[in-house]
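One structure below.
Only the coordinates and a few stated rules stand behind these numbers; no lab work does. None of these values were measured; they are calculated from a predicted model. FYI the Cβ positions are ideal-geometry reconstructions off the backbone, even for glycines, and counts take in every protein chain you see.
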Amino acid sequence: MNDDLQARFQRLAADPPPPTAIPSQAVFARVRKVRRRRAAGVAVLATAAVAAVFAISTNLTDIDSQPPVLGPPSTPTPAATVPSPYGVKLTLKPVVKGRTVTMTVSGSGTVLLPIAQGQELPPQNLMALSEGSAYSWGDDSEPFSAFSNGAECAKAKTPYKGSGSIPPDTHTYAKAGTYTYSYRERFCGVKEDATASVQVTIR
Amino acid sequence: MDPGRDQEFAEFVDGRFTALQRFGYLLTGEWHLAEDLVQTALTKVWFHRNSLRSANALESYTRTAMVNTSTQWWRRKWRGETPTEIMPEPAGDSPYGVVDDRDLLLRALATLPRRTRATLVLRYFEDLPEAEIAQIMGCSVGTVKSNVSRGLAKLREHQLVAGISAPGMKAVES
């Protein structure tokens, strides 16, 4: 036991396991996640502010702040249902190791290429063309949700058919059980968000 | 993201990840947590990389982020129940009297306050001078010295590592 502390530290940390993902890719995935989350927060605040101003300006019309008298609602005109040519199918692939789950999300389908900063994004990994995503691990951890305000889709017009995946995400469950992981992704041109869920059993 | 700066950062991450992972393991005691800690710290560093004085400061800044993050995790106690690779067993229970030296040291480290533990790891694992440790920990050199002294004394109090010795410190036989 009369050993040198430095040598004992070296022995203690001598055999690190290989990283679960390419380190730089894993870090950049987190950076993107944080950026998307921050962007979504700003977008939500801006939208809320615009909505508040709009509500005030349209509903409060005189000095007594009375809402305007509206006419009866017009009868909606039935529209012919046309199947959308755009859609994405998501695939979830969980890998369970102990209580840690590594989730790989991939998707394939046809979307419109978003227009960012005046330029149409080039065809690439389909999931990188996403307008935002939301997921929940199905336990007590905070669900993630980050979506852009849709500005990149406003003038999108070029269809793109492709596939891709996002860097695997990992999560450690606190206790054994069966959890439902759910994922939602939004794309330009796709009316309904693409969704998928999978059950994860932790023993 | 700036492709040039991202490439530089990616090279740093891929090149130093294992070393940082080892440091993280000694801070947390678990490899999975260590990887999570490194990635979390590097993400924080990425957002502040423009304020770094030089590329050399990147590693020092990352270690600071790791120490602070591990301390925050510990305070929040979110890791109350986490998986362990090896179930710890009392030394006397071994049928052959063989004690896993590494496990004992890990358990002894777990009894130390988080910043004291980080100071000892920086001093004796990373072999950093006290001035650099003070910079990473955001404290004075005097505080580093007292933390090292208290940490070693605490380890020696621990029966499992009573005979520990360290450079510049008098060893105590068990």
Task: Net length gained if the chain between residue A:182 and residue A:6 were fully extended (0.36 nm per residue, minus Cα distance) - done: 58.7 nm
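At 0.36 nm per residue, and after removing the present C-alpha to C-alpha distance, how many nm does the segment from residue B:139 to residue B:103 gain when stretched out fully? It would help to have the intermediate numbers written out before the result.
On the way: separation 36, 0.36 × 36 = 12.96 nm, distance 3.01 nm.
That pair, residue B:139 and residue B:103, stretches by 9.9 nm at full extension.
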Task: Relative packing of A:11-24, A:161-174, B:117-130, which averages over residues the other C-beta atoms within 10 Å, highest first - done: B:117-130, A:161-174, A:11-24
Task: residue A:108 paired with residue B:19, simple spin-label distance in nm, labels 7 Å along Cα-to-beta-carbon - done: 4.3
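Can you sort B:32, B:48 by how many other beta carbons sit within 10 Å, fewest first? Provide the component values of the computation, followed by the final result.
Values: B:32 21, B:48 10.
Fewest-to-most ranking of B:32, B:48: B:48, B:32.
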TODO: Shielding by partners for B:16-28, please: the mean number of other protein chain Cβ atoms within 10 Å of each residue's Cβ.
DONE: 3
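Would you mind ranking A:131, B:35, B:59 so that the residue whose beta carbon has the fewest other beta carbons within 10 Å leads the list? Show your work: numbers first, answer last.
Details: A:131 22, B:35 26, B:59 16.
Listing A:131, B:35, B:59 from fewest to most nearby Cβ atoms yields B:59, A:131, B:35.
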- [ ] List the residues whose amide H sits under 5 Å from the amide H of residue A:164, counting only those 5 or more places along or on another chain, with H placed 1.01 Å from N in the peptide plane.
- [x] A:107, A:126, A:127
- [ ] Return A:192, A:185, A:152, A:120 ranked ascending by Cβ neighbour count within 10 Å, so the fewest neighbours appear first.
- [x] A:192, A:120, A:152, A:185
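Using only atoms on other chains, find how many Cβ atoms lie within 10 Å of each Cβ of peptide B:130-143 and report the average. Please list the in-between numbers first.
Working: counts 0, 0, 0, 0, 0, 0, 0, 0, 0, 0, 0, 0, 0, 0.
Mean partner shielding for this stretch: 0.
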